[in-house]
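The values are calculated or read from the model by the stated rules, or taken from the named source; none is laboratory data. Predicted model, so just to flag it, every value in this text is computed and none were measured. Here Cβ is always computed from backbone atoms with ideal geometry, including for glycine, and neighbour counts include all displayed protein chains.
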Amino acid sequence: MSPHTLNNSGFSKGEIGFISAGLIILIASVILAVLTQSVLFFFLPVLILLGIVFLVLLFREPLIGLFTSLAYSFLFVILDREVGGMSYGTLNEALLISTWLSVWYNSGRYDFKVLNNNLVWLSLIWFIISVMELGNPNGGSFQGWMQEIRTSALYPLLIAPLGCLLINTRKKLNYFLILLLLLSFIASLNGIKQIKIGLSPGEQRFLDEGASSTHLLFGKLRVFSFFSDAGQFGASQAQFVVLGIVLAIGLRGTLKKTLLFILGAISFYGLLISGTRGALFALMAGIFCALLLSKNYKVLIIGGIIAIGFIGMLKYTYIGNSNYNIYRLRTALDPEDASLNVRLNNQAKLADYMASRPFGGGLGVIGTWGVKYNADKFLSTIPPDSYWVKVWAMYGIIGFIIFFSFWMYLIGKCCGMIWNVKDQNLRLKLIALISGVVGIFLCSYGNEVMNTMPSLNVIQLSMGTVYIMCLNYRKEQQAS
C-alpha cells in the first residue's frame, strides 16, 4: 500500500506522521516553556517548521541556498548585536555546506566540467597553501589558524565554484543583481536610520564595548549599518555605487535607469556617512575599470575628466568642507594625515620583523584572532589596518607575491573575457560586477574588506558568475 493511501480518517500515513511530530514538538515546547519560564520555547515549533520548509526548498533548488547564504552574510551581524548568545557567523558555513549537499543531491542537473577553470584551481591552490601554513615554525595556536583560514581560504573555495555552477543563465544573473541591489538598499536605509533617527540597543552596545574609539570621531558617528564596522560598510557602498551607476548608464528603459540612479545615489550617501576614506579609492578604481571595459573612448575620456576633476576638487580646494562627511573624505588624499602616518609606521615595524621570515608568521597571528589566540606573538601587537598587509604578515613576502599574482591574473582574465563579449546587455552586467570586484580588491589595501562578509561573498560570487557567463557565451557563439 502506498504511504500516501488515505485511511478512515481521511489523512495519508505521511500526513498523520507529520501532524503527530508537530504535536509532539508543540507539547514538548509548552513543557520546556513552563519549566524554564521562557516564552522563547513557544516559538520553537514555528522555527522548526520553517527550518523544515527551507530544507525542502533548498534540496529542490540549490540556488535558494546560495541566495539565502548571500542575504545572511549581509544580515547576520544584526543577530549578533541584538540577540547574541552564539557565534552566528558559523551559520554561513552551514548554509554553504547545505547548498553543496543540495548540489550533490541534484547532481544530474549540473555539468561539473565547468569547475575545471582557473578560478576554481587557484582557489584550491590557495587553500592548500593556507593549510600548509599550519606547519609554519613561526605560527601560533591552532585556534587562531582555524578561525583565520575560514575567511582567507575556505569561504573562497566554497563560494566561487557555487557561482560557476548555479548562476549560469541570464535569468539567474538578473536575480543575482536584483538581490545585490536590494540588500545594498536595505543596508543604506539602516545606515541613514542610524544617523537620522538613532541607534538600536545592540548598535549602542557595540559602541559602548569599545567601537566608539573608531566610530565616534569629534562627536560625529561613522555609520556602520548592520556591517561589522564602518570600513566594511563604506567599501561595500562604494561597490554598489559602481554597480548601480554602470547599470543605470547602460541599460534601457527610463524607469529602470531612474531606479538604478537613485540606488546609486543612496549608496553614495551611505559611503559618505560611513566616514571610510579608503572607500573613495574603491569607487575610483571601479569607475576606471568600467570606463576602460566600455570600449567607448568618448565615454572613457569624458568619464576620466570628471573623475580627475572630482579628485582635483577634493585635493586642491575646500569646497564642501563645512560638511563633515566631505571633509573626512578629503583627508584620504592628504599625505600628512595622522592616521595614514600611523599605518606607515606600523608597516615599517613589520618590514623589519618580516625581513627574516619569508613565509610569514602563520595564519591567525595578527589582527583580531592574533589578539585573542596569540597574544604572546609580536605580530599580534601591530594592527594590520589592511588585508594586503595582513596577508604579507601571515604568509610572508612569498605568500603575498603568490596572493597578489593570483588576483592580478584572475582580474585580468575576467576583464579579457568580458572584452570579447559582443552582447551589450550581458557585457554591461558583467562589467558592473568585475568593476565592483576591482574596487573592493584595491580598497583592501587600506582596510580588511575582501576577507570580511558580506564583501567576501559578493566578490567571490561575482568572479564565479563572470567566469561561467563568459564561458557560456563563448559556447553559444561557437555553436551558432
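The table below lists the values:
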{"read-out": "Hits in region 372-386 (condition: in contact with a Lys or Arg (Cβ under 7 Å, 6 or more places away or on another chain) and farther than 26 Å from Cys443 by Cα)", "value": "none"}
{"read-out": "Condition met for Tyr373 (among the hydroxyl-bearing types (Ser, Thr, Tyr) and either over 27 Å from Leu122 (Cα atoms) or outside the structural domain of Lys475 (by TED's automatic domain parsing) (or both))", "value": "yes"}
{"read-out": "Single residue of region 269-288 satisfying the filter (more than 18 Å from Gly446 (Cα to Cα) and surrounded by fewer than 23 Cβ atoms within 10 Å (Cβ to Cβ)) that is modelled with the highest pLDDT", "value": "Tyr269"}
{"read-out": "Evaluation of Leu95 against (1) in contact with a Ser or Thr (Cβ under 7 Å, 6 or more places away or on another chain); (2) without any contact (Cβ under 8 Å) to a residue 60 or more places away in the chain; (3) of a type outside the set (Lys, Arg); (4) within 26 Å of Phe359 (Cα to Cα) (one fails), failing number", "value": "(4)"}
{"read-out": "Residue pairs meeting the criteria (Cβ under 9 Å; at least 6 apart or on separate chains; first free of Cβ contacts under 8 Å to residues at least 24 places away in the same chain, in region 182-207; second loosely packed, with under 13 Cβ neighbours inside 10 Å and not in a helix (DSSP H, G or I))", "value": "Gln204/Gly198; Leu207/Leu216"}
{"read-out": "Yes/no for Val421 being crowded, with 24+ Cβ neighbours inside 10 Å and among the aliphatic types (A, V, I, L, M)", "value": "no"}
{"read-out": "Within region 196-251, considering residues that are more than 19 Å from the chain's Cα centre (by Cα) and among the aromatic types (Phe, Trp, Tyr), the one modelled with the lowest pLDDT", "value": "Phe218"}
{"read-out": "All helices (runs of 4 or more DSSP H) inside region 42-139 with 3 or more residues being aliphatic (A, V, I, L, M) and crowded, with 18+ Cβ neighbours inside 10 Å", "value": "62-82, 90-105, 118-132"}
{"read-out": "Residue match in region 275-283 (condition: within 21 Å of Leu75 (Cβ to Cβ), touching a helix residue (DSSP H, G or I) at 6+ places or on another chain (Cβ under 7 Å) and not in a helix (DSSP H, G or I))", "value": "yes"}
